[in-house]
Amino acid sequence: MLGGDGSLAGANALAGHGYRVIGLPCSIDNDLPGTELCIGTDSCLNTVLHLIDMIKATAASHNRCFIIEVMGRNHGYLALMSAIASGSQVAVIPEFRYDMEKIIDNLTRRRLRRHNNSVVVVAEGVCTGQQFMDRLNAAAGDRLEQEVRLTVLGHVQRGGSPSFADRFLASRMGEFAVLALNQGEHGCMVGLIRNRMHLTDLKEIQGHRPPLPADAIRLARNLGMEIGVPTET
């Protein structure tokens with residue numbers, strides 16, 4: 001069974017009825033526990049980065065700040081990783097509570113250093129890009145001295161040709177699933193942990209979200225990106 005939490009919940013239900021089933025994690029949001037990377041995430045990130053690069057060209061030529069809304073229902077992996085890799089200034093993600101004043105200060109400092117563009121990546125799980133842009137404009141007034149524009153990437157993030165990394169990962173996971181079934185394993189999901197294949201009971205997958213990589217959070221902060229403070233749980 002290939003899919004995200006809904007499909008794997010179905011796989012768990014089938015396993016409960018005695019079917020020999022193994023799940024493969026397929027989610028562009030990379031929001032499944034038991035694996036460090038889901039099939040589809042790398043392809044999606046490559047698409048997002050390509051689009052952000054194109055938007056940054058317009059931002060630079062017109063001295064603008066762009067708000068870019070990416071997918072990420074309850075998990076900020078796409079927003080965080082694409083913001084780091086694209087050199088964006090802010091990542092607004094569900095796991096962290098953003099501080100609008102700090103965001104404005106970050107964007108203002110960048111303009112004062114004679115950078116002619118800024119990019120804020122917003123995960124849809126926090127709010128819509130339009131809502132965030134409205135809040136930013138209301139809080140900043142004329143302090144930014146830049147026009148703020150919005151681009152919603154939408155479902156184009158889910159399409160396109162899969163990357164090499166995704167094709168190879170899918171092949172590895174598929175082979176491992178067949179080998180595991182032949183050895184009598186079932187009711188579990190294949191996952192990649194420390195570059196090795198592992199099996200996790202499907203019951204442990206339901207209702208859980210993996211934490212964001214701590215090294216990615218550290219990297220974002222050390223690069224001067226504003227990501228806020230952890231949301232209280």
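The values are calculated or read from the model by the stated rules, or taken from the named source; none is laboratory data. Keep in mind that what you see is a predicted model, and the values were worked out from it rather than measured. Using ideal geometry, Cβ is built from the backbone for each residue, glycine included, and neighbour counts are taken over all protein chains shown.
Below is a table of values for the structure above.
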{"item": "Single unsatisfied condition, residue 144 versus (1) out of contact with any Asp or Glu (no Cβ under 9 Å at 6 or more places or on another chain); (2) in a strand (DSSP E or B); (3) farther than 23 Å from residue 17 by Cα", "result": "(2)"}
{"item": "Which listed residue is within 23 Å of residue 224 (Cβ to Cβ), among the aliphatic types (A, V, I, L, M) and surrounded by fewer than 15 Cβ atoms within 10 Å (Cβ to Cβ), from 112, 107, 78", "result": "112"}
{"item": "Selection count, segment 215-233, where residues are modelled with pLDDT of 95 or more and either of a type in the set (Gly, Ala, Ser) or within 30 Å of residue 13 (Cβ to Cβ) (or both)", "result": "2"}
{"item": "Residue among 151, 200 that alone is farther than 27 Å from residue 47 by Cβ and outside any helix (DSSP H, G or I)", "result": "200"}
{"item": "Matching residues, segment 181-213, being exposed (fewer than 15 other Cβ atoms within 10 Å of the Cβ) and either in contact with a Lys or Arg (Cβ under 9 Å, 6 or more places away or on another chain) or under 14 Å from residue 93 (Cβ atoms) (or both)", "result": "181, 184, 211, 213"}
{"item": "Every residue from segment 41-98 that is of a type in the set (Val, Ile, Thr) and farther than 22 Å from residue 160 by Cβ", "result": "67, 90, 92, 93"}
{"item": "Flag for residue 155 being over 18 Å from the mean Cα position of the chain (by Cα) and closer than 19 Å to residue 54 by Cβ", "result": "no"}
{"item": "Residue 126 being in a strand (DSSP E or B) and in the same structural domain as residue 145 (by TED's automatic domain parsing)", "result": "no"}
{"item": "Residue that is surrounded by the most Cβ atoms within 10 Å (Cβ to Cβ) [pool: residues in segment 149-178 that are among the hydrophobic types (A, V, I, L, M, F, W, C) and within 11 Å of residue 22 (Cα to Cα)]", "result": "173"}
{"item": "Matching strands (runs of 3 or more DSSP E) fully within segment 10-123 where at least 1 residues are within 30 Å of residue 177 (Cα to Cα)", "result": "22-25"}
{"item": "Where a residue in segment 104-123 is within 16 Å of residue 62 (Cα to Cα) and assigned by TED's automatic domain parsing to the domain that holds residue 54 and its partner, wherever it lies, is of a type in the set (Phe, Trp, Tyr) and not in a loop (DSSP other than H, G, I, E, B), with Cβ under 6 Å and at least six apart", "result": "119/66"}
{"item": "Of all residues making up segment 1-54, the number that are of a type in the set (Ser, Thr, Tyr) and in contact with a strand residue (DSSP E or B) (Cβ under 7 Å, 6 or more places away or on another chain)", "result": "1"}
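The rows are residues; the columns are (1) touching an Asp or Glu at 6+ places or on another chain (Cβ under 9 Å); (2) at pLDDT below 95; (3) not hydrophobic (A, V, I, L, M, F, W, C).
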residue: 108; (1), (2), (3): yes, yes, yes
residue: 115; (1), (2), (3): no, yes, yes
residue: 118; (1), (2), (3): no, yes, yes
residue: 122; (1), (2), (3): yes, no, no
residue: 128; (1), (2), (3): yes, no, yes
residue: 140; (1), (2), (3): no, yes, no
residue: 156; (1), (2), (3): no, yes, no
residue: 183; (1), (2), (3): no, no, yes
